[in-house]
Amino acid sequence: GVAKLVYVSSASAVYEGKDIEGGDEKMPYSTISQAPYADSKIAAEKMILAANGHRGVFTTAIRPHVIFGPGDTRFLPAILKRARAGKLRFSIGKGKLSDFTYISNLIDALLLAEERLGEKSDVDGEAFFVTNGEPMQFFEFVAQVLEKLSLPKIIGNVPYPIAYTAAAIAEAIDTLRGGTLNSEDGMSRFAVRYMATHHYFSIDKAKKAFGYQPQVCISEGIDRTVAALQSQAC
């Protein structure tokens with residue numbers, strides 16, 4: 001009885017370990033297997049978009065990038081855990097730009113896309129990048145959060161080749177131990193590549209198709225997120 005299905009995909013569906021600057025929906029799916037997370041997003045998105053129109057169900061896929069905000073249990077908690085343990089004193093690479101997506105902006109996009117789904121809509125069977133549209137250096141974002149929470153600052157930079165080699169060694173040791181390493185905790189080759197490459201995207205298609213406009217900027221989003229974290233700590 002489901003008439004509409006809006007899938008939360010990921011911008012990682014098109015990421016192949018190289019710089020993406022202003023990428024749009026014309027980019028093909030990644031053909032390289034880099035992490036189970038990205039592989040699963042690609043497989044699911046293909047399946048869901050191919051099902052559009054079958055048995056009266058209309059589908060679309062929204063591709064956010066680095067979601068953050070109050071209630072986050074993955075991205076910032078992992079970073080803050082490392083910071084509090086004194087394991088986040090160095091950035092990686094040379095100031096590459098990343099997109100970020102504040103949670104309420106993503107929710108707005110999901111609701112707007114759902115409203116437009118339907119027979120002969122330009123949303124049907126399509127994928128859309130949805131971010132804040134404010135690319136900034138990944139570690140600059142992290143530095144702002146650390147400063148507002150009075151956590152130890154990042155004091156230096158590790159060259160990409162050294163960080164990548166360290167991650168490869170960590171993965172090899174993890175494999176010998178049974179394979180429990182989280183690919184998003186900053187100690188995998190995939191995570192290191194992700195932090196050390198440009199990856200930001202055009203949101204023009206979402207703006208035109210269903211009127212998406214980010215309502216909460218990154219600086220306000222960081223403030224709201226920090227306030228939520230501080231209230232949890234009280």
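The values are calculated or read from the model by the stated rules, or taken from the named source; none is laboratory data. No experiment lies behind these values; they were computed from the predicted model shown. Glycine gets a Cβ as well: all are built from the backbone with ideal geometry, and neighbour counts include every protein chain shown. The area values use the complete protein model at the heavy-atom level, side chains included, leaving out ligands, DNA and RNA. Shrake-Rupley method; radii C 1.70, N 1.55, O 1.52, S 1.80 Å.
Quick notes
- Residue in segment 65-73 that is surrounded by fewer than 15 Cβ atoms within 10 Å (Cβ to Cβ) and modelled with pLDDT of 95 or more present: no
- Criterion violated by P36 - all others in (1) open to solvent by 50 Å² or more (accessible area, probe 1.4 Å); (2) at pLDDT 95 or above satisfied: (2)
- Residue match in segment 164-180 (condition: touching a residue at least 40 places away in the same chain (Cβ under 8 Å) and either touching a strand residue (DSSP E or B) at 6+ places or on another chain (Cβ under 9 Å) or of a type in the set (S, T, N, Q) (or both)): no
Rundown of residues vs (1) under 18 Å from the mean Cα position of the chain (by Cα); (2) more than 20 Å from K208 (Cβ to Cβ), yes/no style:
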position: V8; (1), (2): yes, yes
position: E16; (1), (2): yes, yes
position: S30; (1), (2): yes, yes
position: A38; (1), (2): yes, yes
position: I42; (1), (2): yes, yes
position: L49; (1), (2): no, no
position: G53; (1), (2): no, yes
position: R63; (1), (2): yes, no
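- Scope segment 1-33; condition among the hydroxyl-bearing types (S, T, Y) and either more than 26 Å from R116 (Cα to Cα) or open to solvent by 30 Å² or more (accessible area, probe 1.4 Å) (or both); matching residues: Y7, Y15, Y29, S30, T31, S33
- Residue count, segment 84-105 (criterion: buried (at least 20 other Cβ atoms within 10 Å of the Cβ) and under 18 Å from Q137 (Cα atoms)): 10
- Looking at segment 103-194, the helices (runs of 4 or more DSSP H) lying wholly inside it that each contain 2 or more residues that are at pLDDT below 90 sit at 160-177.
- Sub-7 Å Cβ pairs linking a first residue in segment 1-16 that is more than 19 Å from V66 (Cα to Cα) and in contact (Cβ under 8 Å) with a residue 12 or more places away in the chain to a second residue that is open to solvent by 50 Å² or more (accessible area, probe 1.4 Å) and not polar (S, T, N, Q), at least 6 apart or interchain, are K4/E114, ordered by first then second residue.
- Of residues in segment 95-105 being in contact (Cβ under 8 Å) with a residue 60 or more places away in the chain and out of contact with any Asp or Glu (no Cβ under 9 Å at 6 or more places or on another chain), the one farthest from G211 (Cα to Cα): S98
- Consider segment 206-219 and keep the residues that are in a helix (DSSP H, G or I) and open to solvent by 70 Å² or more (accessible area, probe 1.4 Å). The one that is nearest to E134 (Cα to Cα) is K207.
- Screening K46, K41 for residues that are buried (at least 19 other Cβ atoms within 10 Å of the Cβ) and either in a helix (DSSP H, G or I) or among the aromatic types (F, W, Y) (or both) leaves exactly one candidate, K41.
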